[in-house]
Amino acid sequence: MAHILTLNLGSTSSKIALFDDHTCVITETLRHTVEEVSGTVEEQTAFRLQVVNNFLQNHHIETFDAIAARGGLLKPISGGTYLINEAMTKDLLASKYGSHASNISTLLGGQLSKAYNKPAYIVDPVVVDEMSPMAKMTGLKFMERRSIFHALNQKAVARNYAERINRSYEELNLIVAHLGGGITVGTHAGGRVVDVNDGLSGEGPFSPERAGSLPANQLARHVIESQLTIDDVAKLLSKRGGFVSHFGTTDAIAVEQRALQGDAAAVLAYEAMAYQISKSIAAASVYFNGSADQIIMTGGLAYSNRLVNMITERVQFIAGVTVMPGEKEMEALTAGVLRVLNKEEQPKVYA
Ligand SMILES: Nc1ncnc2c1ncn2[C@@H]1O[C@H](COP(=O)(O)OP(=O)(O)O)[C@@H](O)[C@H]1O
Ligand SMILES: CCCC(=O)OP(=O)(O)O
């Protein structure tokens, strides 16, 4: 039996678990405030390392066989399990392809691999790229859309749904909406995510902390007038948008609570987010000429019946709706590493 330490550091939370093969024996989810997750790469790595060390100490875990870590912003690559190596670490330390909590996951996986002398892997990182050329094209010759999304969870829940109905993922046409700190809506055509909004760069619905699609001209004017740097813009779009901009929190439960108490701003923001998610789902259906085999909603926000019902009302004309709240990321990370440890799959190499 293999003991796997599984690390999934998200934008609003840290999820850490110990698995015995596919069985999760210990798990913890820590929710973080905006301040806690706002530091530099070094500050974030130190903060999240402390969180992982506390987990190991509290549960008297002295060793394990391998580490499964969420994969960060690397160059666009195919799905699969990759050994964390120096080339990855170098790109992530330099934030070469952008900055996101998943970068810290991979970096910490690498650090712990050295400290414990055990291999560390990432599985289906956020940069898995299966986008169709048609979806990548923009109206500017020098600009292409990027595939940056919750690849791990979207694929895991899509496969899980296919299993439930005794079909194969590869024969289904699905729309998967991951509703978390960031929101991405993927078009899964025959087992490939042929279109999806870039979860970090001002595309798609706004979310607890993402700005979502913005009027480009107004954004450009704001950037110039406020003399923002590239890093400022990335932060504005990916860390300071959505509920953070409107209410100063990434906590959708708190915003929903305000809405339930009759706070008009919170009612409107919740409605607007549901409307934008619904529009993205409807837009995704166009790839399948307006239909799909199923719409799946997943992620932390999918625990909210209020939000899910608001979206379902608007999109159920397209296809049936299945809600799989939370995420299957921990299981999917572990399964990817077990496939390598059990020699069912060769680990891929990031060069
Ligand atoms: N029961 C719930 N009802 C509404 N929102 C929820 C619920 N549980 C978690 N959330 C919200 O989901 C978001 C986090 O989603 P999650 O998928 O865990 O995020 P991350 O992107 O950090 O992995 C937060 O805004 C959190 O408040
Ligand atoms: C980088 C795209 C995936 C994403 O947005 O993840 P979080 O919701 O965990 O921030």
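The values are calculated or read from the model by the stated rules, or taken from the named source; none is laboratory data. The structure displayed is predicted, hence computed values, not measured ones. Quick reminder, even Gly has a Cβ in these numbers, built from the backbone with ideal geometry, and neighbours come from all protein chains shown.
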Can you confirm whether region 165-185 contains a residue that is more than 14 Å from ligand 2 (Cβ to nearest atom), closer than 27 Å to HIS246 by Cβ, touching a residue at least 24 places away in the same chain (Cβ under 8 Å) and not polar (S, T, N, Q)?
yes
Residue hits (region 327-351; aliphatic (A, V, I, L, M) and either touching a helix residue (DSSP H, G or I) at 6+ places or on another chain (Cβ under 6 Å) or more than 30 Å from LEU301 (Cβ to Cβ) (or both)) are ALA332, VAL340, LEU341, VAL349, ALA351
Here are some conditions: (1) over 29 Å from LEU219 (Cα atoms); (2) among the hydrophobic types (A, V, I, L, M, F, W, C); (3) more than 10 Å from ligand 2 (Cβ to nearest atom); (4) crowded, with 24+ Cβ neighbours inside 10 Å. LEU152 meets all but one. Which one does it not meet?
(3)
Selection status of SER113, assigned by TED's automatic domain parsing to the domain that holds ILE61 and within 16 Å of ligand 2 (Cβ to nearest atom)
no
Please determine whether any residue of region 119-126 is under 21 Å from ARG48 (Cα atoms), modelled with pLDDT of 95 or more, in contact with a Gly (Cβ under 9 Å, 6 or more places away or on another chain) and of a type in the set (Phe, Trp, Tyr).
yes
Scanning region 177-210 for residues that are small (Gly, Ala, Ser) and surrounded by fewer than 24 Cβ atoms within 10 Å (Cβ to Cβ), the one nearest to the chain's Cα centre (by Cα) turns out to be SER201
Any chance you could count how many residues in region 267-287 are touching a residue at least 60 places away in the same chain (Cβ under 8 Å) and among the charged types (D, E, K, R)?
1
Which number in (1) in contact (Cβ under 8 Å) with a residue 24 or more places away in the chain; (2) under 19 Å from GLY300 (Cα atoms); (3) among the polar types (S, T, N, Q) marks the one condition that GLN257 misses?
(1)
